[in-house]
1. Looking at this structure, is Leu44 under 18 Å from Leu81 (Cα atoms) and of a type in the set (A, V, I, L, M)?
2. Kindly establish whether Glu91 is among the charged types (D, E, K, R) and modelled with pLDDT under 80.
3. Please indicate, with yes or no, whether at least one residue in the stretch 116-123 is assigned to a helix (DSSP H, G or I) and at pLDDT below 75.
4. Residues in the stretch 57-68: is at least one under 16 Å from Leu99 (Cβ atoms), acidic (Asp, Glu) and either exposed (fewer than 15 other Cβ atoms within 10 Å of the Cβ) or modelled with pLDDT under 90 (or both)?
5. For the stretch 155-165, which residues satisfy the criterion of being β-branched (Val, Ile, Thr) and surrounded by fewer than 12 Cβ atoms within 10 Å (Cβ to Cβ)?
6. Could we say that Gln52 is at pLDDT below 85, open to solvent by 40 Å² or more (accessible area, probe 1.4 Å) and within 30 Å of Leu101 (Cβ to Cβ) here?
7. For the stretch 155-174, enumerate the residues that are basic (Lys, Arg), part of a strand (DSSP E or B) and either touching a strand residue (DSSP E or B) at 6+ places or on another chain (Cβ under 8 Å) or modelled with pLDDT under 80 (or both).
8. Any idea which of (1) open to solvent by 30 Å² or more (accessible area, probe 1.4 Å); (2) within 28 Å of Thr39 (Cβ to Cβ); (3) at pLDDT 75 or above is the one Ala104 doesn't satisfy?
Amino acid sequence: AEAQALEEGRRAAEVWKALHELIGSADGKKFKVFAQSLTLDALLLHANAHLQELARRYRLMRVPGYDLDLQVVDQDMGDELRSLASLSGGESFLVSLALALGLASLSSETTQVETLFIDEAFRTLDPETLEVALATLDALQATGRQVGIISHVSGLAERIGVQVRVVKQGGGRSRLVVQAQGGLALQPLP
């Protein structure tokens, strides 16, 4: 009977030992990284779905052995693994956009993300990639989300339905004008 009780105690200890190795540490860091890695997996699922629309060539994945690090699988180059630092400006923009859209999709499970602002970065895109990015943003807007773009790229303004323009007045002053596509001024803002 004592041998059986000892064996049961040993099995229970093995379970606790395995849990400690996976998520146990005095400062809670192991558990935090474990929880964050589960969330990162969910984010990557959503981000890769958006990346399929933006740039089928790429897929994001975690770096094995590094819980929270990401790398890119270049599917056009025989599934070559690339670091995020190796991406060009246009590639980085598309991956960042996919991650932002993935985050919005992930958070929409509990909270609706209705507005997305994108600052600059369009200048790094070639015309074809710019078209893909804008088509994706148009589709996102069609789902009821508001998409704001801050940019100085010429030619982009024609694609934006309503614009807020900053007009210099001199002497360090400017005014804001809300403008519909086609040049019709809707409302000057003080």
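The values are calculated or read from the model by the stated rules, or taken from the named source; none is laboratory data. In this text, all values refer to a predicted model and were calculated from it rather than measured experimentally. Every residue, glycine among them, receives a Cβ derived from its backbone with ideal geometry; neighbour counts consider all protein chains shown. Accessible surface is based on the protein model in full, side chains and every heavy atom, while ligands, DNA and RNA are left aside. Shrake-Rupley method; radii C 1.70, N 1.55, O 1.52, S 1.80 Å.
1. yes
2. no
3. Within the stretch 116-123, one or more residues are assigned to a helix (DSSP H, G or I) and at pLDDT below 75.
4. no
5. Val162
6. no
7. Passing the criteria: Arg165, Lys168.
8. So the condition that Ala104 fails would be (1).
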